[in-house]
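Every read-out reported here was derived from the displayed coordinates using simple, explicitly stated rules and does not represent laboratory data. Worth saying up front: this structure is predicted, and the values here are computed from it rather than measured. Because the Cβ atoms are built from the backbone with ideal geometry, glycine has one as well, and the counts that use them run over all protein chains shown.
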Amino acid sequence: SKAKLFDENDNMRVTFKDVAGLEGAKEEVEEIVDFLKNPKKYTKLGGKIPKGALLVGPPGTGKTLLAKAVAGEAKVPFFSLSGSDFVEMFVGVGASRVRDLFRQAKEKSPAIIFIDEIDAIGRARGKNNITGSNDERENTLNQLLTEMDGFATDTSVIVLAATNRADVLDQALMRPGRFDRSIYVDLPDLNERKEIFKVHLKPLKLDQDLDIDFLARQTPGFSGADIANVCNEAALIAARKGRESVGKQDFLDSVDRIIGGLEKKNKVIK
Ligand code: ATP
């Protein structure tokens, strides 16, 4: 289970090229890449390198991808864990996992630590406590805060955390010296969807006349993850029909199927 949590990314090949669109967010994280590559450039003028940044945005918009790309561009190791891994953990385990994670990252520094779904551990304390004790979650959160306060600003470990619920986060997380910057990762607009399609169409064998602009127009509201899904599903649909390449109708069928899935996911259960 340790291996799963501390999955030190052995593929450092994710770079900004793999992240389509998100120009604003990429620009902001480029600064973090430079902090990791040239910390002295900043510290020699007395500047403190930021310790953490929040990546805020809807599910599937590329927050994890972007965090991996930061590590890939800076050529530093990527340590990750997900807030949801801590749900239902025995008392004390969460905090010690956090401690281990920071110890490992500091040993290998410069490094990126990525915490996905930070809201699962970083929700405001004392709220939504109707199900009983939230002690373990609080312990984990407190350990995270302690670790972030504990390491010197020249350690060159930068913690990126992703959430789609910035509104529920404990304000203590956003204090100076912790996650004091937020980077917004939004759903893609038409042009960005085109760029994302280009990335995910690359491995497919396509009909010659396939119109990427048309595909982008069929998918308003889709995230990057949804688009990746559409492309893969279209290839499977075409293959099932015994076709030699993937065409417009396969994509339309795939989009239909994905929309069906999204509707199910979003259905409010009363
Ligand atoms: P979640 O909040 O659900 O964890 P996320 O924002 O971290 O989602 P990712 O896990 O980074 O999203 O995205 C899932 C997959 O969707 C990526 O591995 C990639 O294949 C695709 N994808 C998402 N956004 C982009 C993008 N901007 N460019 C290219 N591919 C993307």
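Structure above, values below:
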| read-out | value |
| --- | --- |
| Length added when fully stretched, Asn191-Lys205, from 0.36 nm per residue minus Cα-Cα | 2.8 nm |
| Fraction of antiparallel bridges per DSSP, the chain only, in percent to nearest 5 | 5 |
| Candidates Asp209, Asp34, Asp253: whichever shows maximal mean-square fluctuation once the chain is modelled as a Gaussian network with Cα springs under 10 Å | Asp209 |
| Additional length obtainable on full extension of the chain from Lys108 to Val93, 0.36 nm per residue less Cα span | 3.1 nm |
| Arg243-Lys198 FRET efficiency (beta carbon distance; Förster radius 25 Å; 0.05 resolution) | 0.70 |
| Centre separation in Å (Cα based) which lies between the range 49-94 and the range 172-223 | 19 |
| In degrees, nearest ten, helix 224-240 long axis to first principal axis of the chain (Cα) | 40 |
| Candidates Gly46, Gly122, Gly72, ranked by Gaussian network fluctuation over the chain, Cα under 10 Å, top entry | Gly46 |
| Residues with amide H under 5 Å from that of Ser182, placed H, sequence gap 5 or more | Leu54 |
| Val159 long-range amide H proximity, modeled H, under 5 Å | Gly52, Ala53, Ile113 |
| Qualifying aspartates and glutamates (Cα of each under 16 Å from Cα of Lys106; at least 8 residues distant if same chain) | Asp7, Glu8, Glu147, Asp149, Asp154 |
| Cα centre as origin, Lys/Arg/Asp/Glu Cβ charges: the chain dipole, Debye | 420 |
| Cross-link table Lys17/Lys68; Lys17/Lys248; Lys37/Lys68; Lys194/Lys248, entries beyond 22 Å C-alpha to C-alpha | Lys17/Lys248 |
| Listed residue (Gln249, Ile49, Ala67) projecting farthest to the positive dipole end of the chain, Cβ model | Ile49 |
| Chain lengthening between Asn142 and Asp18 when straightened (0.36 nm per residue, less Cα-Cα) | 41.2 nm |
| Dipole-positive endmost among Gly221, Ile112, Ala20 within the chain (Cβ charges, Cα centre) | Ile112 |
| Principal semi-axes in Å for the chain [√(5λ), Cα gyration tensor, largest first] | 36, 23, 16 |
| Acute angle (nearest 10 degrees) that the helix 93-107 long axis makes with the longest principal axis of the chain, alpha-carbon atoms | 90 |
| Inter-label distance for Arg181 and Leu236, nm, one decimal - labels placed 7 Å from Cα along Cα-to-Cβ | 3.9 |
| Interchain or long-range residues, amide H under 5 Å from Ser82's placed H | Asp116 |
| Per-peptide average of other Cβ atoms within 10 Å, ordering 165-171, 224-230, 99-105 highest first | 224-230, 99-105, 165-171 |
